[in-house]
Amino acid sequence: MKCKACRQPAVIDIPRHNAAFCADCFVRHCQEQVVRSIAAFDMMSRSDRVLVAVSGGKDSLALWDMLMDLGYQADGLYLGLGIGDYSGSSIGYVRSFAADRGATLVEVDIPAEFGFDIPTGAAAARRAPCSACGLSKRHLFNKAARDGGYDAVATGHNLDDEAAVLFGNVLRWDTAYLGRQLPVLPGTDGFARKVKPLVRLSERETAAYCVIKGIDYQVEECPQSAGNRHLGYKAALNDIEVRSPGSKAAFYFGFLERIAPLVAGVAEEERRDLHPCPECGSPTVADLCAFCALVAKATRGKLSGAADRTSG
Ligand code: AMP
Ligand code: FES
Ligand code: ZN
């Protein structure tokens, strides 16, 4: 197997591109895919200040690394979710990467700042842990970006993630979600711009990128994601991809080209009902934003528990 670019021995093959690369050319290939996504979807410019949401996993650390190498002003944002040992070890990878690269890291710890951790907060609010986690991330990424005056928030969602989410949304024909499932969401109405520059890379590629660049990352998956629907969709799509390489990319990019414009209006309609949350000022369509509602439910037990103890 020879490198497609320089004919030296290859270290990785990419069946979807019918190509193989040596280590140096592979790093360049990953960067080119990111550059192509940023340009194709007009995600950001070099003068933008970007906040990269980093979990400690391969995707977001690879993204932060590439954006800095490409000359973007990229700071990191880590959210402490309070998920036991998993959160305890993931922060270590993020801090040591930031220290090695001399990069700026913003840290927000949910238990310390809001008084609950995701597993107990989710249980108190009778939500699935991944749902409480997802809404907290969306809210706090947006808040951190706006508080810090950043132009955009970048996340490490890759082609496998986006294809799996798309698969789920199509299975349910969820047109509101489909209308919002874009690699860039504009910054309007109290929302910071959101970008996903890794949509042209698979998770196998981001893992290889980290290994080649010597980036140490959290290999373990979140313990709460076991049995998660998306893992099933990913496995199904992986089966299809092995049989016909390129199917995932065709599915996702075909959607962006041909279907997303048709369903854009549904998401547009929802945005019309947005107003500031009375508690925190974030845009919401409900009385209270989903995060403030979660905080209220997650901390109510504790407050009344404390009250019980003092009165007893
Ligand atoms: P997930 O929702 O876990 O699939 O993660 C999707 C993306 O969200 C990651 O690629 C990161 O960019 C970001 N992310 C996930 N967890 C965290 C975290 N604890 N702190 C900051 N960013 C995160
Ligand atoms: Fe959010 Fe696992 S990282 S539930
Ligand atoms: Zn709120």
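Throughout, read-outs are computed from the coordinates displayed, never taken from laboratory work. These numbers come from a predicted model, not from an experiment. With ideal geometry, Cβ positions are generated from the backbone for all residues, glycine too; neighbour counts draw on all protein chains shown.
Tabulated results
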quantity: Segment T188-C6, extension gain: residue separation times 0.36 nm, minus the distance between their alpha carbons; calculated: 61.1 nm
quantity: Fraction of the pair-distance distribution of segment 197-305 above 23 Å, Cα-Cα pairs, percent; calculated: 61 percent
quantity: log₁₀ of I(q)/I(0) at q = 0.22 Å⁻¹ - segment 134-203, Debye sum with one point per alpha carbon; calculated: -1.04
quantity: Length gained when the stretch C280-V35 is fully extended (0.36 nm per residue, less Cα-Cα span); calculated: 84.6 nm
quantity: Of K137/K234; K196/K248; K58/K213, those spanning more than 19 Å from alpha-carbon to alpha-carbon; calculated: K137/K234
quantity: Pairs of Cα atoms farther than 16 Å apart, segment 82-127, %; calculated: 50 percent
quantity: Inter-label distance for A250 and R28, nm, one decimal - labels placed 7 Å from Cα along Cα-to-Cβ; calculated: 3.0 nm
quantity: Under 5 Å, built H, 5+ apart or other chain: amide partners of G57; calculated: Q218
quantity: Packing rank of 4-12, 143-151, where each peptide gets the mean count of other beta carbons within 10 Å, highest leading; calculated: 143-151, 4-12
quantity: Translational diffusion coefficient (Stokes-Einstein; Kirkwood radius from C-alpha pairs) of the chain at 4 °C, 1.567 mPa s, in µm²/s; calculated: 62 µm²/s
quantity: C-alpha center-to-center spacing [segment 255-291, segment 167-216] in angstrom; calculated: 18 Å
quantity: Nonlocal amide H pairs with A10, under 5 Å, H built at 1.01 Å; calculated: K2, C3
quantity: Rg in Å to one decimal, and Dmax rounded to a whole Å, for segment 29-119 via C-alpha atoms; calculated: 14.5, 44
quantity: Under 13 Å from the I259 label point (7 Å along Cα→beta-carbon), backbone N, segment 177-213; calculated: 177-182
quantity: Over the chain: helical MRE at 222 nm, DSSP H runs n ≥ 4 each giving -39500 (n - 2.57), nearest 500; calculated: -17000 deg cm²/dmol
quantity: Fraction of beta bridges assigned by DSSP in the chain that are antiparallel (%, nearest 5); calculated: 35 percent
quantity: Other-chain or far-sequence residues with amide H under 5 Å of R193's (modelled H); calculated: V153, G187
